[in-house]
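The values are calculated or read from the model by the stated rules, or taken from the named source; none is laboratory data. Because the structure is a prediction, the values reported are computed rather than measured. Neighbour counts run over all protein chains shown; Cβ positions are idealised from the backbone, glycine included. Heads up: the accessible areas ignore ligands, DNA and RNA and are worked out on the full protein's heavy atoms, side chains in. Shrake-Rupley method; radii C 1.70, N 1.55, O 1.52, S 1.80 Å.
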Amino acid sequence: MEFRIKQFKKPKITEATMITGFPGIGNVGKIAIDFLIDHLKPEKIMEISSDSFPHSVFVTEQGLLELPLVRIFYKKVKNKEFVLVTGDAQPITEEGCYAFCNKLLNIAKDLNCKEIITMGGIGLGKIPKKPKAYIAGNNKAYIKGFPNCNIKIYGVVGPIMGVTGVLAGLAKGKNMLSVVLLAQTFAHPVYLGVKGAKELLAVLNLKYGFKLDLKKISEDINGFDEDALIHSMEERMPKQEKSNMNYLG
């Protein structure tokens, strides 16, 4: 498994928290981390490409081709340091996922990260009117430090799939604290889980004082009535298909 790392800068970090978001159910984690990066204006310090990522390329507005990348940023906010990780894609195999998560945790160690926060979505068969945020982690005391999260997650969700789950799960072996922040969303391929992402950002906003303008996250989505569109699609979905949609990513 090959990971190609391009390093731009290596800041002197005393003790940081790594926050990650990758494409998944409703793209909740990806939307949340990209909004956070857009707001905080952090410095890009690293890019990762890999043959474990999907065999595809992206086409830019200029007609140029780009391979999927993971981008790593650094920002200091109120004397607390953050390493922010956003990915265009996740590894497509189980072996690739574990190899990538171990590589990212080694990078986190090298950057003196002591805490890992991953974000993702809980897929439901219908659009939640007000998505709930849930939390799980590797340390009870650490979990309790996150406000407005439902800690009674057992029985609500099954396995937490992909980088969102595996990265947080492997963190204990690297002597790092970790939590997974999850928000309810609609498990439909074209649905963007903006409301779920806002719930996760609200948690981070309270905990770290980021002063995020959460109204802006809705303004950044081009103005079509997404909920109305999905409601229409819901009505045309077979009942059995709707009942089977309850998973994580």
Estimated translational D of segment 1-107 in µm²/s (Stokes, Kirkwood radius over Cα pairs; 37 °C; 0.692 mPa s): 224 µm²/s
Extension gain (nm, one decimal) between GLU66 and GLU43, 0.36 nm per residue minus Cα-Cα: 6.2 nm
Mean ellipticity per residue at 222 nm, deg cm²/dmol - from DSSP H runs of n ≥ 4 across the chain, formula -39500 (n - 2.57): -9500 deg cm²/dmol
Structure-derived mean projected area of the Cα convex hull in nm² - corresponding label in (i) 17.7; (ii) 14.0; (iii) 13.1: (ii)
Label-zone membership for segment 39-62, site MET1, 7 angstrom Cα→C-beta point, backbone N under 11 Å: 51-53
FRET E, pair TYR142, VAL59, Förster distance 35 Å, beta-carbon r, rounded to 0.05: 0.25
Segment 16-76: C-alpha gyration tensor shape, a/c 1.5 cut-off, then a/b vs b/c: prolate
Spin-label model distance (nm) - LYS76 vs GLU94, 7 Å beyond Cα toward Cβ: 4.4 nm
Accessible surface of the chain, 1.4 Å probe, proportion on carbon and sulfur as whole %: 52 percent
Local net charge near GLU2, Cβ-Cβ under 11 Å (Lys/Arg +1, Asp/Glu -1): +1
Solution diffusion estimate, µm²/s, Stokes-Einstein, segment 92-204, Kirkwood Rh from C-alpha pairs, 25 °C, viscosity 0.890 mPa s: 167 µm²/s
Sequence-distant residues sharing a close amide H with LEU69 (under 5 Å, placed H): ASP88, ALA89
